[in-house]
1. Is the range 114-167 best put as rounded, prolate or oblate by its Cα gyration tensor, with a ≥ b ≥ c the root eigenvalues, rounded for a/c under 1.5, and otherwise prolate when a/b is larger than b/c, oblate when not?
2. Rounded, prolate or oblate: pick one for the range 7-67, where a ≥ b ≥ c are the square roots of the eigenvalues of its C-alpha gyration tensor, a/c under 1.5 means rounded, and failing that, prolate if a/b is larger than b/c, else oblate.
3. Amide H to amide H, which residues 5 or more places from Ala152 or on other chains are under 5 Å from it, using H placed in the peptide plane?
4. Restricting to the range 25-167, what percent of DSSP beta bridges are antiparallel, rounded to 5?
5. Would you give the gap between the C-alpha center of the range 8-22 and the C-alpha center of the range 88-167, rounded to a whole Å?
6. Over the chain, what is the relative contact order in whole percent, taking alpha-carbon pairs under 8 Å and six or more residues apart?
7. If a paramagnetic tag sat 7 Å from the Cα of Ala29 along the Cα-Cβ line, which residues of the range 80-104 would have the backbone N under 15 Å from that point?
8. Of Tyr157, Tyr64, Tyr37, which has the largest mean-square fluctuation in a 10 Å C-alpha GNM of the chain?
Amino acid sequence: VFCMEVYERQKEIDANIPSSNSSGFFIAADGLAVTNYHSIEDAIYALVTLATGEVYPVESVLFYDPEMDIAVIQVSQTSLEGKTTSGFAALELVGAADARPGDVVYTLGNPLGMGLAVSSGIVGSTDREVEGYTLPCLINTADISHGSSGGALLNVYGQVLAVTTGA
């Protein structure tokens, strides 16, 4: 899981003041990652910061679906400092179908843009219809603050059940 700084205007890039902060996570070692669509919707540039402090630019948006609020991005394997990584730590995807009410879950994200954090909770519902979303949502009691959008909701085995949204 990583922190993401999103820039919507050139003047923000020049001043190094991001428009917003969000989260994301790698699904492949080559830099393929997932976040929320609303996190990158108006972006012209984005940077991801790993738990190690290394910063990598987002190269491109490969797929997005505004109705599902999902985006797949490609993160460069070369950091801003010029270091090339052999691979990123990727999370295994299992999906919300593997969750049951009462299951313990963990969220990983960037709450309020203050850095990576973990929160725990339990699943309350696995198929709640929520206005504004085309698919049923997995409802849980773990804290998810603004800035944690795009982070991972994990089961006790560290597998991704869902993408979190703090919007």
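The values are calculated or read from the model by the stated rules, or taken from the named source; none is laboratory data. All values derive from a computational prediction rather than experimental measurement. Neighbour counts run over all protein chains shown; Cβ positions are idealised from the backbone, glycine included. Note: areas computed on protein heavy atoms with side chains; ligands, DNA, RNA excluded. Shrake-Rupley method; radii C 1.70, N 1.55, O 1.52, S 1.80 Å.
1. Note, shape of the range 114-167 comes out oblate.
2. oblate
3. When sequence neighbours closer than 5 places are left aside, the close amide H contacts are Leu108, Thr164.
4. Roughly 95 percent of the DSSP beta bridges within the range 25-167 come out antiparallel.
5. 27 Å
6. With pairs under 8 Å counted, the relative contact order is 23 percent.
7. Taking a point 7 Å out along Cα→Cβ of Ala29, the residues of the range 80-104 whose backbone N falls under 15 Å are 85-92.
8. Residue with maximal mean-square fluctuation among Tyr157, Tyr64, Tyr37: Tyr157.
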